[in-house]
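Asks: Got a structure for you, questions after.
The values are calculated or read from the model by the stated rules, or taken from the named source; none is laboratory data. Predicted model only: the values in this text are computed from it and were never measured. As a convention, Cβ positions derive from the backbone with ideal geometry for all residues, glycine included, and neighbour counts pool all protein chains shown.
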Amino acid sequence: MVQRGKIMSVMLENKQGLIAGDGILPVEMARHAKENGFEVICISLANDNLKELKKYCSKVYSCHPGEMTKIEKIFTNEEIKQVTFLGKVHKRVLLKLHKFDKRAIEILKSVKRLNDDEVMLLIVNEFEKHGIKVLDQTIFIKNLMIPSGVLGKHKPTENQIEDVNYGFWLAKEMGKVDVGQSVVIKDKMAMAVEAIEGTDMCIRRGAKQAKRGAVVVKVAKPSQDKRFDIPAIGLRTLKTMKKYKAKLIAVEANETIIVNQEKVIKFADKNNIVVMAV
């Protein structure tokens, strides 16, 4: 349970800001925050979870990710001093700069490379210049972080463990250059490395190459900034694996969020998929 007041050297404000992409994670944050006595003001960058967000947020504003001036003005008017980023905002949005306002374009022009960390760090710094502190993504949802071990009834084979070890190393190397967090492995060969498409599409591409029995590995970047891009998987990830006949997913223990854990384990058990944290 998150207590109102001081946590992890941060004095939490009663009124919290949330910038929500799609998926269940922003909803879980809003729910936990509300249950612990916080008021949540949400800026929604997606539509798939809007109905659920409205259950737990006192106000929900809809914005495009490139409307920086509008977003900053909303938080200033709402007197928001702390904000959490959660949910998926597809990287392809960076290919549609015509939808970005002047302020967002100025920020992006100062980036050497349009990769996740550089873009997000500039956005975080922009908020903090305006007196809005960006919080660790896990403060309100630490119960979703997964410790080491095998989840569910299916255990990995020796060959799968070898693929996991190789995949873990490879994913960490890719993380060093901020390419992605996920890789797909088969027989100690890389089938796919996550790029702009995201985890689910990486699984689709790699598992199709592998034909069947692919191993998926997802890790935190070596210098992961917990204010953004914490690795997460959920039921959608497992459904993609089933569709393309991947048989194991390994995530980094104590660094990864598993959403709807009970449903994920139940689905994995039913479909002979190994889920583990290493």
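Asks: Between Lys129, Lys176, which is among the basic types (Lys, Arg) and not assigned by TED's automatic domain parsing to the domain that holds Glu252?
Replies: It is Lys129.
Asks: Grab the helices (runs of 4 or more DSSP H) fully contained in region 114-212, keeping just those with 2 or more residues being under 20 Å from the mean Cα position of the chain (by Cα) and within 30 Å of Phe75 (Cα to Cα).
Replies: 116-129
Asks: Select, from Arg236, Arg212, the only residue that is closer than 18 Å to Lys186 by Cβ, surrounded by fewer than 22 Cβ atoms within 10 Å (Cβ to Cβ) and either at pLDDT below 95 or not aromatic (Phe, Trp, Tyr) (or both).
Replies: Values: Arg236 fails: closer than 18 Å to Lys186 by Cβ.
From the options Arg236, Arg212, the qualifying one is Arg212.
Asks: Then there's this: From (1) in contact (Cβ under 8 Å) with a residue 40 or more places away in the chain; (2) touching a strand residue (DSSP E or B) at 6+ places or on another chain (Cβ under 6 Å); (3) aliphatic (A, V, I, L, M), pick out the condition that doesn't hold for Val89.
Replies: Single failed check for Val89: (2).
Asks: Does region 251-261 include one or more residues that are in contact (Cβ under 8 Å) with a residue 12 or more places away in the chain and assigned to a helix (DSSP H, G or I)?
Replies: yes
Asks: Please verify whether region 225-232 includes one or more residues that are farther than 29 Å from Ile139 by Cα, small (Gly, Ala, Ser) and either assigned to a strand (DSSP E or B) or touching a residue at least 24 places away in the same chain (Cβ under 8 Å) (or both).
Replies: Within region 225-232, not a single residue is farther than 29 Å from Ile139 by Cα, small (Gly, Ala, Ser) and either assigned to a strand (DSSP E or B) or touching a residue at least 24 places away in the same chain (Cβ under 8 Å) (or both).
Asks: Something else: Checking Arg204 against (1) out of contact with any Ser or Thr (no Cβ under 7 Å at 6 or more places or on another chain); (2) surrounded by fewer than 21 Cβ atoms within 10 Å (Cβ to Cβ), which test does it fail?
Replies: Condition (1) is where Arg204 drops out.
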